[in-house]
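The values are calculated or read from the model by the stated rules, or taken from the named source; none is laboratory data. Given the structure is predicted, the values throughout are model-derived calculations rather than measurements. Cβ placement follows ideal geometry from the backbone for every residue including glycine, while neighbour counts extend to all protein chains displayed.
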């Protein structure tokens with residue numbers, strides 16, 4: 001059965017051409033095209049595209065002088081800041097393999113990833129590194145380079161930015177390295193379809209994280225797939241220039257994204273797949289000015305939208321939910337936002353509605369996972385074509401099929417099963433884990449571990465994670481369905497449903513709930529609100545109120561942390 005194009009956006013090409021270029025070409029192309037356009041705004045500091053390229057090339061020279069060779073892993077343990085982008089493109093330019101190390105990892109988790117990847121160089125932050133320093137001697141890391149947020153502030157503004165630089169013994173300081181070395185002008189031969197660009201670790205929500213192997217081609221194609229989605233554009237590489245071409249039949253007045261004209265508010269962590277691909281490489285490739293925040297704080301974020309006239313933003317629902325719950329949310333003019341994307345977790349319908357009311361453009365819910373570089377599906381980029389509750393259509397050159405969990409056979413339209421993905425963005429496998437690779441890659445299809453269905457128009461609906469499914473008296477209960485109902489209660493800000501082990505029924509659905517600030521509701525009242533709306537076997541058996549719902553850096557709810565309460 002071929003791909004379903006019934007609801008495919010009008011005039012969009014059904015397939016794209018993918019130039020075989022290394023990932024750092026995104027930066028090179030934009031710096032050559034608009035060298036003086038601002039690439040990054042960070043705490044008031046500005047870097048143009050040419051300046052970003054120059055600093056990255058200088059750091060590439062420094063890494064080479066430290067002995068980094070093609071294929072060596074370079075770990076980046078930074079929050080979002082200019083130094084992250086500088087180090088990322090520097091490592092790729094000399095054939096190094098980027099491996100992200102989340103600043104939120106515990107020392108044992110950091111040790112696991114560094115040892116597993118065999119990272120040779122670690123780039124860390126002065127505020128973060130002391131926490132993991134004790135385990136570094138037990139890893140393959142040969143040199144540690146540290147940097148500071150304070151490095152981004154000049155002396156004049158320091159009184160307003162009271163974050164000082166911290167001395168980190170036994171490490172190299174990034175700033176003197178940038179001053180010492182001239183920009184690298186050489187070229188490392190890279191086979192984009194074979195050579196790795198990333199070893200990106202899975203979230204590890206069910207155990208030790210695995211390293212996902214992604215080639216330059218994986219990353220480049222996924223950027224073009226999603227970068228072209230808002231307007232149906234495709235890329236042409238000719239005479240050394242990468243050009244964005246629009247469908248000739250499409251109305252130019254309806255374009256969402258204009259090259260070298262947009263401004264994006266970036267808070268999605270660059271150490272996560274959504275961040276590296278969607279909010280670094282895609283923004284760089286389109287010449288977007290990135291207003292970069294190192295962390296999310298709802299009031300600061302909404303102020304940033306207004307201050308910088310932001311046109312593009314996105315993240316997980318855990319970004320949007322606190323935003324719309326601000327007491328002054330309705331006081332802001334947010335009509336500059338043309339395109340907002342949500343991923344990593346289900347976006348409640350009530351949140352989607354409020355965002356659509358506030359923004360002039362559209363809000364699209366998309367879906368992906370680290371094993372497919374970043375993304376595989378997205379809702380059509382016009383609000384009249386959004387299918388609520390769906391994560392959209394498979395994007396360019398991407399196929400989705402639903403298979404029976406037990407037999408692996410393709411199921412009928414509308415029937416639930418495991419979501420499988422095929423496309424040029426699907427990973428090469430897990431680093432040093434051939435057995436784990438064989439479990440999820442079957443004849444080019446990636447078995448995602450997510451449960452969902454396809455409708456007759458080809459839209460994908462995610463029911464839940466296979467491992468999150470609750471079995472109550474032999475019936476399958478999908479937490480997402482219950483969470484959607486609970487969330488519609490006006491007192492609820494966030495919620496998560498898990499199965500509590502029960503010797504009598506197997507697992508009982510239990511809801512953890514965070515209330516809106518100042519709101520009050522009894523557990524019994526909330527269950528009376530929820531349970532009549534679902535089948536009897538799906539009823540919530542207990543409500544537990546919490547101050548926070550634990551989430552990963554990508555915004556995914558860490559249900560394993562909630563389950564620990566019942567272990």
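Observations, loosely collected:
- Segments classed as strands (runs of 3 or more DSSP E), wholly inside region 221-303, with at least 3 members that are in contact with a helix residue (DSSP H, G or I) (Cβ under 9 Å, 6 or more places away or on another chain) and under 15 Å from residue 39 (Cα atoms): 263-266, 289-292
- Strands (runs of 3 or more DSSP E) completely within region 1-83 that count 1 or more residues being modelled with pLDDT under 95 and over 23 Å from the mean Cα position of the chain (by Cα): 45-48
- Those residues of region 519-555 which are crowded, with 19+ Cβ neighbours inside 10 Å and in contact with a helix residue (DSSP H, G or I) (Cβ under 9 Å, 6 or more places away or on another chain), in sequence order: 526, 530, 538, 540, 543, 549, 553, 554, 555
- Residues of region 464-494 that are within 20 Å of the chain's Cα centre (by Cα) and more than 15 Å from residue 347 (Cβ to Cβ): 465 alone.
- Looking only at region 456-503, residues that are touching a residue at least 12 places away in the same chain (Cβ under 8 Å), out of contact with any strand residue (DSSP E or B) (no Cβ under 7 Å at 6 or more places or on another chain) and in a loop (DSSP other than H, G, I, E, B) come to 6 in all.
- Of residues in region 26-40 being surrounded by 21 or more Cβ atoms within 10 Å (Cβ to Cβ) and in contact (Cβ under 8 Å) with a residue 60 or more places away in the chain, the one nearest to residue 148 (Cα to Cα): 40
Table: residues versus (1) in contact (Cβ under 8 Å) with a residue 24 or more places away in the chain; (2) farther than 21 Å from residue 278 by Cβ; (3) within 20 Å of the chain's Cα centre (by Cα).
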{"position": "354", "(1), (2), (3)": "yes, yes, no"}
{"position": "357", "(1), (2), (3)": "no, yes, no"}
{"position": "368", "(1), (2), (3)": "yes, no, yes"}
{"position": "380", "(1), (2), (3)": "yes, no, yes"}
{"position": "385", "(1), (2), (3)": "yes, no, no"}
{"position": "388", "(1), (2), (3)": "yes, yes, no"}
{"position": "392", "(1), (2), (3)": "yes, no, yes"}
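- Condition check for residue 513: part of a loop (DSSP other than H, G, I, E, B), surrounded by 15 or more Cβ atoms within 10 Å (Cβ to Cβ) and out of contact with any helix residue (DSSP H, G or I) (no Cβ under 6 Å at 6 or more places or on another chain): no
- Residues (over 25 Å from the mean Cα position of the chain (by Cα), in a loop (DSSP other than H, G, I, E, B) and in contact (Cβ under 8 Å) with a residue 60 or more places away in the chain) located in region 404-451: 405
- Condition check for residue 272: closer than 17 Å to residue 425 by Cβ and over 14 Å from the mean Cα position of the chain (by Cα): no
- You will find that of 308, 332, the residue that is over 19 Å from the mean Cα position of the chain (by Cα), at pLDDT 95 or above and more than 23 Å from residue 221 (Cα to Cα) is 308 and no other.
- Qualifying residue in region 381-388 (condition: crowded, with 19+ Cβ neighbours inside 10 Å, closer than 15 Å to residue 8 by Cα and either touching a helix residue (DSSP H, G or I) at 6+ places or on another chain (Cβ under 6 Å) or modelled with pLDDT of 95 or more (or both)): no
- Test result for residue 92, within 21 Å of residue 198 (Cβ to Cβ) and more than 26 Å from the chain's Cα centre (by Cα): no
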